[in-house]
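For reference, the structure is listed below as structure tokens.
The values are calculated or read from the model by the stated rules, or taken from the named source; none is laboratory data. As the structure is a computational prediction, the values presented were derived from the model and not from experiment. Every residue, glycine as well, gets a Cβ built from its backbone with ideal geometry; the counts of neighbours run over all protein chains shown.
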Amino acid sequence: MVLAEHGDLYVNNGNGREGRATEVVFDSEAGQAFFRSWHDMIEEGLAINVGLNPTQADALLAMGTGRATMSLSSSGALRSVVDVLERGEMDVDPAVAAVPGVTGGTGLPGVFGRSLWIFKGRPEAEQEAAWKFIKWLLEPEQQAEWFAGSGYLPVRLSAYDLPAAQSVMAEYPGFRVAADLFLEAPTTQASLGPLLGPIRDVREIVITAIEETVVGSKDPIEAVQDAAAEANDIIESYNRRVGE
């Protein structure tokens with residue numbers, strides 16, 4: 001996300017969009033600056049460590065309890081935040097803004113999320129049912145409801161014009177922030193994100209490296225360089241198994 005905002009790529013070959021990625025490039029100057037800044041913020045008391053935070057809840061709770069004044073999170077957490085506030089569980093009035101980037105960035109936040117897959121090895125009836133469900137889910141009406149009920153951006157632009165989307169953006173302007181950023185952002189290889197087969201494995205390596213940086217068990221530059229080397233081994237193994 002921070003690399004995309006800086007306009008930098010995650011893997012080579014155009015972020016995997018000009019050809020299959022063969023190595024990561026997140027250990028670039030921007031990547032090293034990101035790791036260093038995270039380390040320095042912890043060291044200087046400007047940030048707190050809430051752990052791996054896989055659900056994003058711990059970081060958001062730190063804001064609600066006054067331990068932190070800002071959290072980096074996904075737009076997909078917005079509805080959960082709104083629900084907590086509506087129940088009166090937290091006496092805060094949070095604002096929503098774009099994720100800050102490394103100094104000198106030229107890009108905008110990238111779009112990331114989950115994928116839907118249909119496996120060809122399943123019975124034909126299951127594949128057909130899955131395809132029907134996906135087509136239904138991608139209709140503007142369902143996408144508008146999904147956006148209003150989560151904060152995840154719809155994949156259909158026409159969904160923004162429907163009542164569910166218009167209503168939530170009017171009541172909670174924070175829902176509009178990520179949408180406006182996405183609609184205004186140029187489509188670049190950086191903003192599209194990496195196209196990479198073993199992305200989950202590589203992401204886990206990066207998460208571990210960030211954790212090592214935050215807890216101080218490894219120098220930030222060493223952490224990102226070691227992560228890049230480990231990720232490249234994973235990519236090489238994947239490409240060898242998959243073949244041309």
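Take the stretch 33-54 and flag every residue that is closer than 17 Å to Val202 by Cβ and crowded, with 18+ Cβ neighbours inside 10 Å. Scanning the stretch 33-54 gives Phe34, Phe35.
Specify the residue that is nearest to Glu139 (Cα to Cα); the eligible residues are those in the stretch 167-182 that are touching a residue at least 12 places away in the same chain (Cβ under 8 Å) and under 21 Å from the mean Cα position of the chain (by Cα). Step by step, filter the stretch 167-182, then rank; the result is Ala179. Candidates are the residues of the stretch 27-55 that are outside any helix (DSSP H, G or I) and of a type in the set (A, V, I, L, M, F, W, C); the one that is nearest to Ile210 (Cα to Cα) is Leu52. The single condition among (1) modelled with pLDDT of 85 or more; (2) surrounded by fewer than 17 Cβ atoms within 10 Å (Cβ to Cβ) that Ser75 does not meet is (2).
Quick check on this structure: which one of Leu181, Leu153 is surrounded by 14 or more Cβ atoms within 10 Å (Cβ to Cβ) and not in a helix (DSSP H, G or I)? When all the criteria are applied, what remains is Leu153. Collect the residues in the stretch 1-23 that are of a type in the set (Gly, Ala, Ser) and in contact with a strand residue (DSSP E or B) (Cβ under 9 Å, 6 or more places away or on another chain), keeping them in residue-number order. Answer for the stretch 1-23, where residues must be of a type in the set (Gly, Ala, Ser) and in contact with a strand residue (DSSP E or B) (Cβ under 9 Å, 6 or more places away or on another chain): just Ala21. Go through the stretch 224-244 and give me each residue that's under 22 Å from the mean Cα position of the chain (by Cα) and touching a residue at least 40 places away in the same chain (Cβ under 8 Å). If the condition is that a residue be under 22 Å from the mean Cα position of the chain (by Cα) and touching a residue at least 40 places away in the same chain (Cβ under 8 Å), then Val224, Gln225, Ala227, Ala228, Ala231, Asn232, Ile235 are the ones that fit. Count of the stretch 1-15 residues, restricted to those that are hydrophobic (A, V, I, L, M, F, W, C) and part of a helix (DSSP H, G or I), is 3. Would you confirm, using the coordinates I've provided, whether Ala164 is within 16 Å of Leu137 (Cβ to Cβ) and either of a type in the set (Lys, Arg) or out of contact with any Cys (no Cβ under 9 Å at 6 or more places or on another chain) (or both)? Criteria met by Ala164. The single condition among (1) surrounded by fewer than 19 Cβ atoms within 10 Å (Cβ to Cβ); (2) over 17 Å from the mean Cα position of the chain (by Cα); (3) over 29 Å from Glu43 (Cα atoms) that Ala164 does not meet is (1).
Among the residues of the stretch 189-223, write down those that are at pLDDT below 90, β-branched (Val, Ile, Thr) and either within 19 Å of the chain's Cα centre (by Cα) or surrounded by 15 or more Cβ atoms within 10 Å (Cβ to Cβ) (or both). Passing the criteria: only Val214. Looking at Ala185, Ala170, Ala148, Ala144, just one residue is over 30 Å from Thr22 (Cβ atoms), of a type outside the set (Phe, Trp, Tyr) and touching a Leu at 6+ places or on another chain (Cβ under 6 Å), and that residue is Ala144. When restricted to residues that are within 16 Å of Phe112 (Cβ to Cβ) and either of a type outside the set (Gly, Ala, Ser) or surrounded by fewer than 22 Cβ atoms within 10 Å (Cβ to Cβ) (or both), the stretch 8-23 contains 6.
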